[in-house]
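Quick notes on the structure that follows.
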Amino acid sequence: QAPESSDLSTRRYRFVVAGFTVLAHLAIGMALLAPAPLLPLMIDDYSINRTTASLMITLTLLVAAGMGLPGGMIIGRLGIRRAYTVSWFLMALPVLSPLAPNFPTLLALRLGAGAGFVVAGVATGPLLMQWFRLRETFIMNGLNTAFVNLGMAISLFTAAPLADAFGTRCALGVFSALSLLGAVAWIRLSRPVGEVSPMVPVFSPRVLWEV
């Protein structure tokens, strides 16, 4: 009876894993192009030119491109579960945007988030393979892609109204708030493969020392 109960819990927990991957990709989509409608406002706020303002998107994408191989190495070093934790917090960095005193600080927060986008994206494949059958991973990959596009649509549609209501920096912070919530939930609810209960800490002092 006990093995059957454990197997049932594991099958149910897969929905939690699926929810986290979908949430992560929604968060990526919402933050990825959020600055695009706000570039004219940034130009006025910080007295910068168009080329400098465009770095909010172009440099973030370049960092993401350059993080492909290092991202895989980070995952190999930390493990999927811990790497996903790191990615959540990196993606949440722009929630500090309202506190950014200048444009370089704002850009640095975006670059950190760009690194988080890659780590989350690279870690998602192995994470799904640990919990789902091969045919199910195809469905999840398609669902995750759909939620990236949905997130981009939401941010592009709502960024300008949010900036008008709360300011440019606050608007940027809002689109990364989902990542912060995801980070907290992931720490609380994530489990190693096959260990649905009890909760196992994501990081231990020994792991942090080794890294």
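Pairing each residue of region 47-76 that is open to solvent by less than 60 Å² (accessible area, probe 1.4 Å) with any residue that is in a loop (DSSP other than H, G, I, E, B), provided the two are 6+ apart or on different chains, yields C-beta distances under 7 Å for MET56/PRO35; ILE57/LEU33; ILE57/PRO35. The residues on offer are ALA113, ALA146, ALA108, ALA123, and the sole one that is open to solvent by 10 Å² or more (accessible area, probe 1.4 Å), aliphatic (A, V, I, L, M) and within 16 Å of MET91 (Cβ to Cβ) is ALA108.
Restricting the first member to region 111-127 and to residues that are aliphatic (A, V, I, L, M), and the second to residues that are at pLDDT below 95 and not in a helix (DSSP H, G or I), the beta-carbon pairs closer than 7 Å and six or more apart or on different chains are ALA115/MET67; VAL118/MET67.
Among residues that are under 30 Å from ARG191 (Cβ atoms) and under 20 Å from the mean Cα position of the chain (by Cα), ALA24 is included.
A single member of LEU61, LEU26, LEU32 is farther than 29 Å from TRP131 by Cβ and out of contact with any Lys or Arg (no Cβ under 6 Å at 6 or more places or on another chain), and it is LEU61. Inside region 128-143, residues that are surrounded by fewer than 20 Cβ atoms within 10 Å (Cβ to Cβ) and in contact (Cβ under 8 Å) with a residue 12 or more places away in the chain make up a count of 5. Go through region 128-178 residue by residue and tally those that are more than 25 Å from GLY112 (Cα to Cα), among the basic types (Lys, Arg) and part of a helix (DSSP H, G or I). Number of matching residues: 1. Within region 48-71, is there a residue that is over 21 Å from ILE28 (Cα atoms) and of a type in the set (A, V, I, L, M)? Yes, some residue in region 48-71 is over 21 Å from ILE28 (Cα atoms) and of a type in the set (A, V, I, L, M).
Being surrounded by 17 or more Cβ atoms within 10 Å (Cβ to Cβ) and either farther than 14 Å from ALA113 by Cβ or among the acidic types (Asp, Glu) (or both): is that true of LEU38 here?
On the way: surrounded by 17 or more Cβ atoms within 10 Å (Cβ to Cβ): yes; either farther than 14 Å from ALA113 by Cβ or among the acidic types (Asp, Glu) (or both): yes.
Yes; evaluated as a whole, the condition is true for this residue.
Filtering region 179-196 to residues that are more than 19 Å from ALA113 (Cα to Cα) and exposed (fewer than 15 other Cβ atoms within 10 Å of the Cβ) leaves ARG188, LEU189, PRO192, VAL193, GLY194, GLU195.
The values are calculated or read from the model by the stated rules, or taken from the named source; none is laboratory data. Please read all numbers here as calculations on a predicted model, not as lab measurements. Don't worry about glycine lacking a Cβ; one is built from the backbone with ideal geometry, like all the others, and counts go over all protein chains shown. For accessibility, only protein heavy atoms count, side chains too; no ligands or nucleic acids. Shrake-Rupley method; radii C 1.70, N 1.55, O 1.52, S 1.80 Å.
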